[in-house]
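Beneath this line is the structure, given in structure tokens, with notes to follow.
No lab work stands behind these numbers, since they all come straight from the coordinates. Owing to the predicted nature of the structure, the values given are computational and were not obtained by experimental measurement. Quick reminder, even Gly has a Cβ in these numbers, built from the backbone with ideal geometry, and neighbours come from all protein chains shown.
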Amino acid sequence: MRGSVAQGVLRRLLYALIAIVGVAALVFVLLRMVPGNPVATLLGEHADNETVERISSSLGLDQPLPVQFANYLLGALRGDFGESYTLGKPVSELIGPAFVNTLWLALAAALVAWVVGIACGLFAAIRKGTIVDRLFMGFSLLGVSLPVFMVSMLLQYVFARYLHWLPVAGISDWTGYILPAIALGWGSAGSIARLVRSSIIEVLQQDYIDTARAKGRTNSQVLVLHALRNAMLPVITLMAMQFSGLLSGAVITETVFSINGIGRLSVQAIAGRDIPLLQGTTLLCTFVIVMGNLAADLLYNVCDPRVRKGA
Amino acid sequence: MTQSTLEVSHLYTSFFSERGEIKAVQDVSMRIGKGQVVGVVGESGCGKSMVARSIMGLIKKPGKIVSGSILLDGQELTSLGENELCKIRGKDVSMVFQEPMTSLNPTMRVGLQVQEVVSIHENVSKEEARQRTLAILSAVGIPEVKERYNAYPHELSGGLRQRVMIAMAMVMRPRLLIADEPTTALDATVEAQIIALLRQLADNGTSVLIISHNLGVIAQLADHVYVMYAGHVVESASVFELFDNPLHPYTLGLLRAVSSLRSQSKVLQTIPGIVPNLAHLPVGCSFAPRCDKCMARCTSTQPELVAVGSGHEVRCHLTKRVDAQ
Ligand SMILES: Nc1ncnc2c1ncn2[C@@H]1O[C@H](COP(=O)(O)OP(=O)(O)OP(=O)(O)O)[C@@H](O)[C@H]1O
Ligand SMILES: [Mg+2]
């Protein structure tokens, strides 16, 4: 049995690797299909053709695409993602610190989403049909339906500009993460709460819950010891998928709250047609998302014995 | 007369839905002596499981016990609070549910699911609880218990799962074990083994309430039978008496269905008609619309349960008349 688990993990790792290389290739090709020569853009309107060609060849842009891609991948493996056109620095030096900021933001938002989402869903489920249930579900519906930028600006206005409790923007200490984390995490908290609620309600109707009660377990013991684990199975998948959503949502949140993260860097890269930088940020995000899904898969396996074997 | 292990009197259990009150159990009385096996038969939906759940205090909302009394060794269960019931469930009264395939927690090792019962009710070390679990698992005929202990439900066959359920219900040596259709999902060989297991349990002093829609299973196992129809007990007698001298037309119909199965006749004898809607029961006898001996009285007055001999009771106007002669 051990062997098959290890094999399963290896196979998943292989899939993950294929996914990352695949996305890298896609991004690579797509970015090169964008009309206009990036070097010309870089040098400005007055550059002559000869200069453009000289610089292009020094950047390796005159080589066939597959060769360029192979070179790029080999470089990426060594941590060399090329040099940013617009910022004149190695991409790796730019995305490293930015990624750390984004990661903190995403983790803080995930914390908000998971803790608030699971707690609200749980209470709504056991108080099904009461005012608590309706209040929590209304609150999550609001989170799911309001756009992130609107929530961000609303929070900024109320808690920073009006009440002066928290900084408006920028990160000087941990308090700077509070508002962006809520803005970013609320939507996820909402959908997690809804799923947790429906999942718990469904699990509580299962036959094995009756069995547990017939053993002499109290209602709260039944909930914690028998219902929760089974109810969390579908939630794990959602949480992983949302982690990816948090990363893309970070683009907006980082812009509104002036956080120097991957999202903001990507926006800058797009604005400046900075292909190496955009490639770097995309590849990094892909890596994180694929790893997040892999972690969720493995966690799901640990929690659900039924899929463990066929893994 | 010695005190009964279980004494149910005039139990009424209903569901209060938007469509009105659904009377799932009406005026049901039954008693089970120590080490006795008592059977309940009846068609699907006649309220068998609801009687069992009422005894366990496990009626789901919007259902509840409306009135009546349930005495376990003289202790009234209907007035107990949830906390007190928790101390009795699994220890003094236990239940094997209808669906072995879905009645075990899919993400918990089966050994632990049995062991749990011991640790809920007794303050013993993990190791002792484990030893007792292993012992009961092999007592119910599970091979290679040490490996099975660590198995998950989906890794076991239906028969093994039902044995695990029975082990769970037996491990505390309860005074009463309720088995709700314990063999319905199983093939004939496994059915025979489970029946033998329950028989053995009763011989060791546990009272058993066995529920089935199959008279054959009841005949093999029970000492006394209650026949239920649309929430009522319509006839109750010892197994011999019931097969020898069935009085209620519904019981006669059930017996005909069994014998037509035995004789392998091509046409399966069934009772014509369908079970009435429990929210809108007919005014008179609930079996009247399907009864081939229906009289004028049957559609206007509900018959009482009357004794027609030692331990034989029938709820039928026809019987009363025969009795009076
Ligand atoms: N949740 C519920 N809401 C409303 N009515 C219910 C509910 N559960 C059960 N009932 C009613 O109770 C009646 C008795 O159900 P019960 O489960 O006791 O039947 P049963 O005799 O065990 O049948 P089966 O052989 O199919 O198990 C059913 O006919 C049904 O109408
Ligand atoms: Mg039933």
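Odds and ends about this structure:
- Burial order of peptide ranges A:265-277, A:51-63 (average beta-carbon count within 10 Å, highest first): A:265-277, A:51-63
- Share, in percent, of DSSP beta bridges within chain B that are antiparallel, nearest 5: 60
- Equivalent ellipsoid dimensions for the protein assembly as shown as semi-axes, Å, which come from the Cα gyration tensor, largest first: 69, 27, 23
- Comparing mean-square fluctuations of B:VAL41, B:VAL233, B:VAL28 from a GNM of chain B with C-alpha springs under 10 Å, the top value falls on B:VAL28.
- Measuring nothing but how far apart in sequence close Cα pairs (under 8 Å, 6+ apart) lie, relative to its length, chain B scores a relative contact order of 21 percent.
- Legend: mean number of C-beta atoms from other chains within 10 angstrom of residue C-beta atoms, peptide A:223-231, equals 2.
- Per residue of B:6-15, other chain Cβ atoms within 10 Å of the residue Cβ number 0 on average.
- Mean separation of Cα contacts under 8 Å, 6 or more apart, over the residue count of region B:130-288: relative contact order %: 14
- Inter-chain neighbour count for B:54-64: the average number of beta-carbon atoms from partner chains within 10 Å of each residue's beta-carbon is 1.
- Where the Cα pairs of chain A fall when distances are cut into 10 Å bins, in %: 6, 21, 25, 23, 15, 7, 3, 1, 0
- log₁₀ of I(q)/I(0) at q = 0.30, 0.31 Å⁻¹ - region B:270-313, Debye sum with one point per alpha carbon: -1.05, -1.07
- Mean residue ellipticity (222 nm) of the protein assembly as shown, computed from DSSP H runs ≥ 4 via -39,500 (n - 2.57), nearest 500: -17500 deg cm²/dmol
- Helix B:126-139 axis, angle to chain B major axis (alpha carbon atoms, nearest 10°): 50
- Taking the longest Cα principal axis of chain B as reference, the axis of helix B:158-170 is set at about 90 degrees.
- The residues packed around B:SER157, meaning those with a beta-carbon under 12 Å from its beta-carbon, carry a net charge of +1 if Lys and Arg are +1 and Asp and Glu are -1.
- Volume in Å³ per residue [convex hull over Cα atoms, computed for region B:177-261]: 100
- Antiparallel DSSP beta bridges within the protein assembly as shown, as percent of all bridges there, nearest 5: 65
- Listed peptides A:222-229, A:160-167 by packing density, highest first (mean Cβ within 10 Å): A:222-229, A:160-167
- The angle between the Cα long axis of helix B:110-121 and the main principal axis of chain B comes to about 80°, on a 0 to 90 degree scale.
- In the calculated pair-distance distribution of chain B, the portion above 23 angstrom amounts to 59 percent of the Cα-Cα pairs.
- Peptides B:238-246, A:236-244 ordered by packing proxy, namely the average of other Cβ atoms within 10 Å per residue, highest first: A:236-244, B:238-246.
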